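The values are calculated or read from the model by the stated rules, or taken from the named source; none is laboratory data. Since the model is a prediction, treat every value here as computed from it, not as a measurement. Don't worry about glycine lacking a Cβ; one is built from the backbone with ideal geometry, like all the others, and counts go over all protein chains shown.
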Amino acid sequence: MFKFYLHLTDIKKQFMSRSTATNLEMNYSSTLDNTTLLDLYKNMLKPRMIEEKMLILLRQGKISKWFSGIGQEAISVGVTMAMQDDEYILPMHRNLGVFTTREIPLKRLFCQWQGKMSGFTKGRDRSFHFGTQEYKIVGMISHLGPQLGVADGIALAHKLNKEANVTAVFTGEGGTSEGDFHEALNVASVWQLPVLFCIENNGYGLSTPTSEQYNCENIADKGIGYGMESHIIDGNNIIEVFTKVSELAESVRNNPRPILLEFKTFRMRGHEEASGTKYVPHELLETWAEKDPLVNYQAFLKEQGILSEEEEVKIKEGIMHEIHDGLEVANAEETIIPQSSVELNDVFKSFVYQDIKPSNETEELRLIDAIAQGLKQSMERYEDMIIMGQDVAEYGGVFKITEGFVEQFGKDRVRNTPICESSIVEAAMGLSIKGRKSIMEMQFSDFAASGFNPIVNYLAKSHYRWNQEADVVVRMPCGGGVAAGPFHSQTNEAWFTKTPGLKVVYPAFPYDAKGLLATAINDPNPVLYFEHKALYRSIRQEVPTDYYTLPLGKASLLREGQDITIVTYGAGVHWALETLDKNPSVSADLIDLRTLQPLDTDAILNSVTKTGKAIILQEDSLFGGIASDISAMIMEACFEKLDAPVRRVASMDTPIPFIDQLEDQYLSKNKFEKALLDLLAY
Ligand SMILES: Cc1ncc(C[n+]2csc(CCOP(=O)(O)OP(=O)(O)O)c2C)c(N)n1
């Protein structure tokens, strides 16, 4: 608590009493006309009155949860009024004032909170967890921090489009402890992105006081570490918020750069209504109650003769009617009738595959060259598509796939990134919100762990939640057999195949790699594109020279036989081919899945129906891998056709080890032949 009291004393010096605050408001207000001054008031009053109504409904059990922004309205309203209508705002759970100041019809907000169809998420997400392109608002995901990086992506698109726009993103002081905060500010500063990072320092993150959240006097002090301008603003003074943010936003529009804004304020109610405020010292609540932004501002407007009693009553009545009418519409709307087909259809944005055939001209390419060529041709096809990743620019990436790209496409489009996996995935999401495609290169697929949250929670769920596609391809150099140890050898596709909303592509040959990459890029949904490092330079094939596409969700039948079905992908395909070459008497269907999501279930089930035996080979360790799901699927669909139990062949359930002998023992490669022959003999 010590630290918080410290800054409280500072603030007390400035705002000891209502009249001091009023003086300050007067100083700033001299530049504002009466209409603006009244608009600031009306815009603060509306969220306050809505909240008061919601608290009643909550007590009556008519809404599920409520995060109160009472006492913090000046920040939401002042910032939103300082922004142009075409500029994005990314608010948090206490920023109702952003939504109301952008004039979202209340009936829609109420429908959203009641989980009705006329809300913004078709009942799929609650409270403020939604975005709307119509109102240029991108709501939070529960994980708080990720939207900071999303703001970077939106701002990057503005900057590259040479649009003089600023993006405002909110977080609480608790959210500043997350890695996403650090990464987003770092990236924004390195790239000089026009973002206002608005930190609402309201004293508590759930029950945690600032003294247990960070260890410096002001959050604004962190700006210097990022090379970023920062300001402290009295978050309870609407005129100060509006005037300062307006000035700064205008300055950023003319001179794009990030700015860190720390708004000093206080959370007057519990974290959410059910949790109460027992842990908050009474003195603090009393002190801050005196600084209520709405009460003080109303007093100021009256003192100045700008707001009369009659006008006040009229404004309040107007808002009351609006709330009443909105609630009537929302209450009357029927509840959602669940239809599984509707839910499943919205997981992905619909995409009509366009089959583009190559000409006859081919050349022999290694897998790595085919990927590089495909990537280059897509960069030519989509002139505003961006590649981002560590060392991808002049250095050409650690595997040299983007070598020469900077010369052809320039540094704006081929962007070296700091080591900020989360924030770059988030930036890619932001680019998609602005309609730009992007590709992110994970230096090694293992490092997707550092960008995992935004992949599985942001990219994957965005279309289902609020109809916003995440038009992003994440390239994933993966796989073992390269004696690189537990952190540079994993094949971690199962982390993602589990998550609805992600497509997963895993080619084994140069021809497939090029055509599937083209489609992954054309597809507006998030795609994880796995590239096996051990195949990069070892597998060659004749590949069409010009651009072509291949469909996702279509396996390829590499060998045809009668006795057994082998299902595999990636390096497993080559291990299976070697085994079949060594055992010419084995008559097998060999299915290379090529994509794991969507999965070509027909190809698998049709083949097993014919052969009556199935063996699934994966490079990943056994438990929880995709082989288990395919096995279960075969069991369920083909039980009566099976002549033997389905067999899974996978690597050991240990981390993948470094030294050759251990790695060889670990990998499924050397277990496959015996398992295949055993199953044939069953
Ligand atoms: C990654 C993550 N960890 C924890 C939580 C639980 N949680 C939700 S809000 C919150 C407090 C946030 O504090 P702050 O950022 O200061 O915002 P405030 O609620 O005070 O406005 C916590 C701990 C979460 N939603 N996400």
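Residue count for the range 172-184 satisfying the condition of being crowded, with 23+ Cβ neighbours inside 10 Å, more than 13 Å from the ligand (Cβ to nearest atom) and not acidic (Asp, Glu): 1. What pairs can you find where one residue is in the range 282-310 and of a type in the set (Val, Ile, Thr), the other is loosely packed, with under 14 Cβ neighbours inside 10 Å, and their Cβ atoms are less than 6 Å apart, with a gap of 6+ or different chains? Matching pairs, first to second residue: 306/34. Remark: pairs (first residue in the range 535-549, within 29 Å of residue 481 (Cβ to Cβ) and among the basic types (Lys, Arg); second residue surrounded by fewer than 19 Cβ atoms within 10 Å (Cβ to Cβ) and at pLDDT 95 or above; Cβ separation under 7 Å; 6+ apart in sequence or on different chains) = 537/366; 540/364; 540/366. Restricting attention to the range 492-506, the residues that are closer than 13 Å to residue 527 by Cα and in contact with a strand residue (DSSP E or B) (Cβ under 8 Å, 6 or more places away or on another chain) add up to 8. Within the range 255-277, the set of residues being within 16 Å of the ligand (Cβ to nearest atom) and either within 30 Å of residue 192 (Cα to Cα) or of a type in the set (D, E, K, R) (or both) comprises 260, 261, 262, 263, 264, 265, 267, 269, 272, 273.
Check the range 338-357 and report whether any residue there is more than 32 Å from the chain's Cα centre (by Cα) and more than 30 Å from residue 498 (Cα to Cα). So far as the range 338-357 goes, yes, one or more of its residues are more than 32 Å from the chain's Cα centre (by Cα) and more than 30 Å from residue 498 (Cα to Cα). Per the listing 187, 169, 245, 252, the residue uniquely within 24 Å of residue 433 (Cβ to Cβ), within 15 Å of the ligand (Cβ to nearest atom) and either in contact with a strand residue (DSSP E or B) (Cβ under 9 Å, 6 or more places away or on another chain) or in a helix (DSSP H, G or I) (or both) is 169. Within the range 37-68, work out how many residues are assigned to a helix (DSSP H, G or I), touching a residue at least 60 places away in the same chain (Cβ under 8 Å) and not hydrophobic (A, V, I, L, M, F, W, C). Of the residues in the range 37-68, 5 are assigned to a helix (DSSP H, G or I), touching a residue at least 60 places away in the same chain (Cβ under 8 Å) and not hydrophobic (A, V, I, L, M, F, W, C). In this structure, residue 239 does not qualify as part of a strand (DSSP E or B) and away from the ligand (no atom under 11 Å from the Cβ). Do we find a residue being surrounded by fewer than 21 Cβ atoms within 10 Å (Cβ to Cβ) and of a type outside the set (Ser, Thr, Tyr) anywhere in the range 587-597? No, the conditions are met nowhere in the range 587-597.
Looking across the range 192-226 at every residue that is within 12 Å of the ligand (Cβ to nearest atom) and in a loop (DSSP other than H, G, I, E, B), the one that is surrounded by the most Cβ atoms within 10 Å (Cβ to Cβ) is identified as 203.
Of the helices (runs of 4 or more DSSP H) lying entirely inside the range 69-161, those containing at least 2 residues that are within 14 Å of the ligand (Cβ to nearest atom) and within 26 Å of residue 253 (Cα to Cα) are 73-82, 96-101, 146-160.
Cβ-Cβ distances below 6 Å connect the following pairs, each with a first residue in the range 120-149 that is within 17 Å of residue 330 (Cβ to Cβ), a second residue that is within 11 Å of the ligand (Cβ to nearest atom) and part of a loop (DSSP other than H, G, I, E, B), and a separation of six or more residues or different chains: 128/93.
Taken together, 256, 194, 209 contain a single residue that is in contact (Cβ under 8 Å) with a residue 24 or more places away in the chain, more than 27 Å from residue 417 (Cβ to Cβ) and not aliphatic (A, V, I, L, M), which is 209.
Could you look through the range 452-461, keep only residues that are in contact with a helix residue (DSSP H, G or I) (Cβ under 9 Å, 6 or more places away or on another chain) and touching a residue at least 60 places away in the same chain (Cβ under 8 Å), and pick out the one that is nearest to the ligand (Cβ to nearest atom)? If we take residues in the range 452-461 being in contact with a helix residue (DSSP H, G or I) (Cβ under 9 Å, 6 or more places away or on another chain) and touching a residue at least 60 places away in the same chain (Cβ under 8 Å), then 453 is nearest to the ligand (Cβ to nearest atom). Taking first residues from the range 259-275 that are over 17 Å from residue 230 (Cα atoms) and modelled with pLDDT of 95 or more and partners that are outside any loop (DSSP other than H, G, I, E, B) and within 13 Å of the ligand (Cβ to nearest atom), the Cβ contacts under 7 Å between residues at least 6 apart in sequence or on separate chains come to 267/204.
Here is a yes/no grid of residues against (1) assigned to a loop (DSSP other than H, G, I, E, B); (2) of a type in the set (Gly, Ala, Ser); (3) surrounded by 19 or more Cβ atoms within 10 Å (Cβ to Cβ):
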residue	(1), (2), (3)
270	yes, yes, yes
279	yes, no, no
286	no, no, no
291	yes, no, yes
294	no, no, yes
297	no, no, yes
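Condition check: within 27 Å of residue 84 (Cβ to Cβ), part of a loop (DSSP other than H, G, I, E, B) and more than 16 Å from the ligand (Cβ to nearest atom). Does residue 164 satisfy that? Yes: the conditions hold for residue 164. When residue 41 is tested against the conditions (1) under 19 Å from residue 130 (Cβ atoms); (2) of a type in the set (Phe, Trp, Tyr); (3) touching a Leu at 6+ places or on another chain (Cβ under 9 Å), the lone failure is (1). Against the list (1) of a type in the set (Gly, Ala, Ser); (2) at positive phi; (3) touching a Leu at 6+ places or on another chain (Cβ under 9 Å), the condition residue 576 fails is (2).
From the list 626, 634, 656, 615, the one residue that fits, being under 21 Å from residue 506 (Cβ atoms), touching a Lys or Arg at 6+ places or on another chain (Cβ under 6 Å) and either modelled with pLDDT under 95 or surrounded by 16 or more Cβ atoms within 10 Å (Cβ to Cβ) (or both), is 615. The residue list 554, 498 contains one member that is out of contact with any Asp or Glu (no Cβ under 8 Å at 6 or more places or on another chain), under 24 Å from residue 602 (Cα atoms) and surrounded by fewer than 24 Cβ atoms within 10 Å (Cβ to Cβ), which is 498. Among the residues of the range 641-682, those that are in contact with a Gly (Cβ under 9 Å, 6 or more places away or on another chain) and part of a helix (DSSP H, G or I) comprise 641, 663, 664, 666, 669, 672.
For the range 81-119, the set of residues classified as surrounded by 24 or more Cβ atoms within 10 Å (Cβ to Cβ), over 27 Å from residue 332 (Cβ atoms) and not aromatic (Phe, Trp, Tyr) consists of 89, 90, 91, 94, 95, listed by residue number.
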